[in-house]
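Taking it in order: structure first as structure tokens, then the write-up.
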Amino acid sequence: MKKLYAGLLAVLVLVGCTPTGPGVQPTPTPIVVPESTPGPVASATPSQEELSAEAERVYRTFFAEWKRLEREGGADEPTQILKDNGAGRYLDGVVLMLRHQKEQGVEVSGPLPEVKVRPAPGDSKDNADPRYTLEVCEDYSAGEYRDESGVHAGQLLQGNVYLGHVDGQLKVVWAVTEEVERCDI
């Protein structure tokens, strides 16, 4: 549809620029631009609080979609939501887990994991921007995983999630978590 509009616009521009007769040039119509009232000016440099809030939004969006797909039995390919919010080895790893889950028939049940997030700027991995690093606690303890070997209780994981700009968009690019007895977030 965009190509059709662009083509029509090109034709209209060419037609509008064609002289109407020999030696006759169209008279340009003056364009009047209304004066605008200045509105609030956005900060050129976002605060650390704003950067951390954006990082948390991206992480929570990716995480919620990942957990939704787990509850549906896995996936062969990443959804657009996963691709819009994750990238690189991190996205590849999550998709690999979802494929394995689907192939092996692993079932995930119970409530969605409870997630706590706190900004942790400064640390960076895998080309992430250190301003967007988050510390997370993912509580899977109320859930269960069922595979051919039986039922497995969920875990409590804590660690860092790293984000960076990929193709002009903030995305999760890596995470390092480990099983813990108790989160300190």
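Which residues, counting only those in the range 136-178, are open to solvent by 50 Å² or more (accessible area, probe 1.4 Å) and farther than 19 Å from residue 109 by Cα?
Selection gives 165, 167, 168, 169, 174, 176, 177, 178.
Could you list, in sequence order, the residues of the range 69-90 that are open to solvent by less than 90 Å² (accessible area, probe 1.4 Å), touching a residue at least 60 places away in the same chain (Cβ under 8 Å) and part of a helix (DSSP H, G or I)?
Correct list: 84, 85, 88, 90.
When only residues in the range 139-161 that are touching a residue at least 40 places away in the same chain (Cβ under 8 Å) and under 21 Å from the mean Cα position of the chain (by Cα) count, which is nearest to residue 58 (Cα to Cα)?
Only one residue fits best here, namely 161.
Take the residues in the range 91-135 that are charged (D, E, K, R) and open to solvent by less than 70 Å² (accessible area, probe 1.4 Å); name whichever of them is nearest to the chain's Cα centre (by Cα).
So, considering only residues that are charged (D, E, K, R) and open to solvent by less than 70 Å² (accessible area, probe 1.4 Å), the one nearest to the chain's Cα centre (by Cα) is 129.
Filter the range 110-136 for residues that are β-branched (Val, Ile, Thr) and assigned to a loop (DSSP other than H, G, I, E, B) and give the result.
133
The values are calculated or read from the model by the stated rules, or taken from the named source; none is laboratory data. Note that this is a predicted model, so its numbers are computed, not measured. Ideal geometry is used to build each Cβ from the backbone, glycine not excepted, and the neighbour counts take in all protein chains shown. What goes into the accessible areas is simple: the full protein's heavy atoms, side chains included, and nothing from ligands, DNA or RNA. Shrake-Rupley method; radii C 1.70, N 1.55, O 1.52, S 1.80 Å.
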